[in-house]
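The values are calculated or read from the model by the stated rules, or taken from the named source; none is laboratory data. All values reported here derive from a predicted model rather than from experimental measurement. Using ideal geometry, Cβ is built from the backbone for each residue, glycine included, and neighbour counts are taken over all protein chains shown. Remember, those area values only see protein heavy atoms, side chains included, never the ligands or the DNA or RNA. Shrake-Rupley method; radii C 1.70, N 1.55, O 1.52, S 1.80 Å.
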There are 2 protein chains.
Amino acid sequence: MTLTIYGDHRSGNCLKVKWAAERLGLAYDWIEVDARDGETRSPPFLKLNPAGQVPTVVLPDGRALAQSNAILLHLAAGTDLIPADPYWRSKMFEWLFWEQHSHEPYIAAARRQMMRGASKKDLDAELVRRGDAALARMEAWLSAYPYLVDGRFSLADISLIAYTRLAHEGGFDLTKYPAVCVWIDRVEAELGLTVPA
Amino acid sequence: MTLTIYGDHRSGNCLKVKWAAERLGLAYDWIEVDARDGETRSPPFLKLNPAGQVPTVVLPDGRALAQSNAILLHLAAGTDLIPADPYWRSKMFEWLFWEQHSHEPYIAAARRQMMRGASKKDLDAELVRRGDAALARMEAWLSAYPYLVDGRFSLADISLIAYTRLAHEGGFDLTKYPAVCVWIDRVEAELGLTVPA
């Protein structure tokens, strides 16, 4: 069996997994799942992932795994996408957990609301404030360093670019974050993403 | 130098780090930081952790690390708190990311609001719904298994117990989740937490 990725092509969390698989040269089957119409809540899907979320993968041995960043770590184990140095590996984990806790819940949520028809002024002010705080934190780091961890491309870049590059679709003004924009171009080039996915 | 933990003793995210250090027999200094009065936003603190959050640790080599689950992974590297088997290690990561994305933001946030004086009925209904969904997912798993990963105690249990054992302080009715209650007793015994911290 090959790797099977259950994903919604509009979801940055799902695209991360696709990009990592491609970067690593892994063959995979993509099964499109519409996260908005309840497909992730169907009994067969909940057997794969009781949390009812995409991405979920079925590994070549038939076992399932969920949570985008856990999947990235599994697929990239032993490769140069994970720093060999213990401290820098831990700093990569720091960015990965921060992404799920303090970045994705605001930037992806704002985008999701606008994709469903909300306008920028309908967005909750606290959501926008926290999303901008996340982008500002990235800007501060990326003003000094080319990548998020140890000056090298890693899973942290793959994870963080997923929603950062789409932040404007959630009403965020990326032109306020020039170092983030330069980093987006750099990481898109690394991943061969010449046009928005 | 020994390990220094900057933490707020009321924060489950900070207590996780304390419990892991104690379980691992690591000497540490605890520096109490009041997360509510702006101490984590002071310039000296932001130098340690630009995200302005506790817990933050300074490792014995003088370098800083943040994000509770990243700290747990760093401290426990190479110990039996992390499964040696690659699949189960990845399943542990799955719970750790899920905790930061789908559990802590609701259960800890509800508790924080009630600690600041909100009553249960003041809580946002969606926050309560998502917190209950997280507890229900744990209940389903723990009805069948004694621990979260591979039938053994791991970092996933340390991470998830932090706010789960305090969920009632956020208005959640833990008696609806009997398997979770049995697991709380089991993990508290593992960690030597005989009284609520």
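Quick one: pull the percent of accessible area on chain B belonging to carbon and sulfur, 1.4 Å probe, ligands and nucleic acids left out. Taking all protein chains in place, chain B shows 55 percent carbon and sulfur surface.
Chains A and B together bury some 2600 Å² of accessible area, summed over both sides, with a 1.4 Å probe.
When B:CYS181, B:CYS14 are compared by accessible surface with a 1.4 Å probe, the order from highest to lowest is B:CYS181, B:CYS14. Helical runs (DSSP H, four residues minimum) scored at -39500 (n - 2.57) apiece and divided by the length of chain B put the mean residue ellipticity at 222 nm at -14500 deg cm²/dmol. Annotation for A:GLY25, label-to-label distances across the other copies: 4.4 nm (shortest first, one decimal, point 7 Å from Cα along Cα→Cβ). The gain in end-to-end length when the B:TYR87 to B:LYS176 segment is fully stretched comes to 28.9 nm, 0.36 nm per residue minus the alpha carbon separation. Excluding ligands, DNA and RNA, the accessible surface per residue across the protein assembly as shown is 42 Å² with a 1.4 Å probe. A 1.4 Å probe, protein heavy atoms only, puts the accessible area of B:LYS120 near 120 Å².
Sorting A:GLU139, B:GLU39 on solvent-accessible area from highest to lowest, probe radius 1.4 Å, gives B:GLU39, A:GLU139. Using a cut-off of 20 Å between Cα atoms, the listed pairs A:LYS121/B:LYS120; A:LYS91/B:LYS47; A:LYS121/A:LYS176; B:LYS121/B:LYS176 include A:LYS121/B:LYS120 as exceeding that distance. Projected label points at B:ALA144 and B:ARG112, each 7 Å from Cα along the beta carbon direction, are separated by 3.3 nanometres.
Would you please give the FRET efficiency between A:ALA136 and B:ASP80, computed as 1/(1 + (r/R0)^6) with r the Cβ-Cβ distance and R0 = 41 Å, to the nearest 0.05? The computed FRET efficiency comes out at 0.55. Heavy-atom accessible surface of B:HIS9, to the nearest 10 Å², is about 100 Å², with a 1.4 Å probe and all protein chains retained. Of all DSSP-defined beta bridges confined to chain A, some 60% are antiparallel rather than parallel.
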